[in-house]
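Trainee: Mind having a look at this structure? Questions to follow.
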Amino acid sequence: MATINDNYLKLKAGYLFPEIARRVRTFADSNPDAKIIKLGIGDVTEPLPAACRTAMIKAVEDMGDRSTFKGYGPEQGYDWLREKIATNDFQARNCDIDASEIFVSDGAKCDTGNILDIFGKNNKIAVTDPVYPVYVDTNVMTGHTGEANDQGEYEGLVYLPINAENQFIADLPGEKVDIIYLCFPNNPTGATATQDYLKTWVDYAKANGSIIFFDAAYEAFITDDSLPHSIYEIDGAKDCAIEFRSFSKNAGFTGTRCAFTVVPKTLTAKRSDGSDVELWKLWNRRQSTKFNGVSYIVQRGAEAVYSDEGKAQVKELVNFYLENAQIICNELKNAGFEPYGGVNAPYIWLKTPHNLSSWDFFDKLLQTTNIVGTPGSGFGAAGEGYFRISAFNSRKNVEEAMKRIKTQFKV
Ligand code: MLT
């Protein structure tokens, strides 16, 4: 008789964003006239940059001509895209990353989950709390945890609380951990990491033989020149970190799908007999077997992000969402809230008023203003009492949402 992966039964409720969508559908069904504005999931609303569209149209034409047609591409991505990424995103910032260390994929979400394939079952895993829920759920699915307690914390994971008191920057763990997930600019809090802060993690990881999973999906939103965009800007990070990047939030590829993961060739971890194994080789093997690459058309679109025209258009898109974030922060302050983030990040994090629980605030905001946000508790137990607002929407919707909050919601 077929059996299931019992670990799936440990997962709490549905995945956060589908659960929000379900609640919003229920509300919309019973309030058909409500003009709902969604500032929940961080999904882009603005059209793809013209440079990317032009490149993809040309790529479609290539596919229609026998001489330029492409079948299976390299599982790691086409060299011309990997070269552009290595040059522009890393070497231009003095990070010694080679094109062969870049693995093009269809999403940072998938890669942060899939990467667990090449790691052992007995690693001690640390996550911040709150945290992007994919990191936790994929560890649960893989069997790296026990059951969850009433607060939704899984046995076996090390939770590093982040809150207003520590400026949403986690302290180093009091115990030795093998794998640490860091996300900067942070989802959900919008917090950023300085060079010095990341250096403390790199030093910790090197001293303890740990690996950092560094999610930099939001690096394009960094406006402060002193902040690092990549963990490889920190000395020694090539020996202890894997970095995840995405074209979703900078170039609006959430529906187009393209991302990449950097696995330096110098990075090793232990096999069970204690000897070192290069993680690059394992990830390359994993991708070659389980993945057939991103479509030629989409990779050509991603390549165009690095053209002069593409760079200017991406900058404009990012600035547009950052201006939204600024409007949201200002208006929330005017309405009596205390917002965090939103300066080097597209997310605004706030304390719920009147000690409302995150979901109670979600319901109240939806009912009184027809605005959808994301309950902080969906990102972990320490997110309870907080709420996330996304800056990914049209200007018109952002302004309308803020007007409703000011006029219809009493803090
Ligand atoms: C979010 O809203 O946290 C993100 O859109 C989720 C994601 O990128 O998968």
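The values are calculated or read from the model by the stated rules, or taken from the named source; none is laboratory data. Please read these numbers as outputs of a predicted model, since none were measured by experiment. Every residue, glycine among them, receives a Cβ derived from its backbone with ideal geometry; neighbour counts consider all protein chains shown.
Trainee: Confirm whether Ala164 is modelled with pLDDT under 95 and of a type in the set (A, V, I, L, M, F, W, C).
Mentor: Answer is yes for this residue.
Trainee: Which fully enclosed strands (runs of 3 or more DSSP E) of the stretch 77-177 have 2 or more residues being over 28 Å from Ser295 (Cα atoms)?
Mentor: 125-129, 157-161
Trainee: Answer with yes or no whether Lys396 is surrounded by fewer than 18 Cβ atoms within 10 Å (Cβ to Cβ), within 20 Å of Lys333 (Cβ to Cβ), free of Cβ contacts under 8 Å to residues at least 40 places away in the same chain and away from the ligand (no atom under 16 Å from the Cβ).
Mentor: So Lys396 does not fit the description; no.
Trainee: Turning to a different aspect of this structure: Scan Phe387, Phe379 and give me the residue that is hydrophobic (A, V, I, L, M, F, W, C), within 12 Å of the ligand (Cβ to nearest atom) and within 19 Å of Ile328 (Cβ to Cβ).
Mentor: Within the list Phe387, Phe379, the selection yields Phe379.
Trainee: Give the stretch 29-69 a look and list any residue that's of a type in the set (Val, Ile, Thr), away from the ligand (no atom under 16 Å from the Cβ) and out of contact with any Asp or Glu (no Cβ under 8 Å at 6 or more places or on another chain), or say none.
Mentor: The answer is Ile36, Thr54, Ile57, Val60.
Trainee: Within the stretch 52-83, work out how many residues are surrounded by fewer than 20 Cβ atoms within 10 Å (Cβ to Cβ) and within 30 Å of Lys238 (Cβ to Cβ).
Mentor: Of all residues in the stretch 52-83, those surrounded by fewer than 20 Cβ atoms within 10 Å (Cβ to Cβ) come to 53-54, 57-58, 60-75, 78-80, 83.
Adding the requirement that they be within 30 Å of Lys238 (Cβ to Cβ) leaves 73-75, 78-80, 83.
Within the stretch 52-83, residues that are surrounded by fewer than 20 Cβ atoms within 10 Å (Cβ to Cβ) and within 30 Å of Lys238 (Cβ to Cβ) number 7.
Trainee: Go through the stretch 267-353 and tell me which helices (runs of 4 or more DSSP H), entirely inside it, have 1 or more residues that are exposed (fewer than 15 other Cβ atoms within 10 Å of the Cβ) and not assigned by TED's automatic domain parsing to the domain that holds Ile231.
Mentor: Values: elements: 279-290, 296-303, 308-334.
So the answer is 308-334.
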